[in-house]
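Comments concern the structure below.
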Amino acid sequence: MRVLRIKYGPRERSVMHGHPASVGVHLTDGHARFTFPGGKTDELHVTAGEVRSYPAGEHLPENLSDQPLELVFLELKAQPAAKKATSVPAAKKPATKKATKRKSR
């Protein structure tokens, strides 16, 4: 996990960049616009203390407020690829001594 503290000044605009799937803990109220590759945009209103999940992807964020926008951003590690099942040979049983009967005399 990577932890970032993000702060955008009033009306500040970033550059196109990407993150893995993440969780944001918003420290201030905010109003932001995200522009995605291809031109689609989404506007977001958040409240201080709000926690949101964000999918992995590229975006260009812009603070639409006259106040700073601050959050702690937790980037989650990607899940490792599932390993292919391999057959494991059965464990050998430990050798046992055969019980031998002693002949009575």
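Can you name the residue in segment 30-56 that is surrounded by fewer than 15 Cβ atoms within 10 Å (Cβ to Cβ) and of a type in the set (V, I, T) and, of all such residues, is farthest from Q79 (Cα to Cα)?
T47
Got a number for residues in segment 1-29 being surrounded by 12 or more Cβ atoms within 10 Å (Cβ to Cβ) and either without any contact (Cβ under 8 Å) to a residue 40 or more places away in the chain or among the β-branched types (V, I, T) (or both)?
Summing the residues that are surrounded by 12 or more Cβ atoms within 10 Å (Cβ to Cβ) and either without any contact (Cβ under 8 Å) to a residue 40 or more places away in the chain or among the β-branched types (V, I, T) (or both) in segment 1-29 gives 5.
Would you mention how many residues in segment 25-53 are part of a strand (DSSP E or B) and either touching a helix residue (DSSP H, G or I) at 6+ places or on another chain (Cβ under 9 Å) or under 18 Å from R13 (Cβ atoms) (or both)?
12
All of the numbers you see were taken from the coordinates with simple rules; none came from a lab. Here the structure is a predicted model, which is why all the values come from computation and not from measurement. Positions of Cβ are generated from backbone atoms using ideal geometry, with glycine treated the same way; all protein chains shown enter the neighbour counts.
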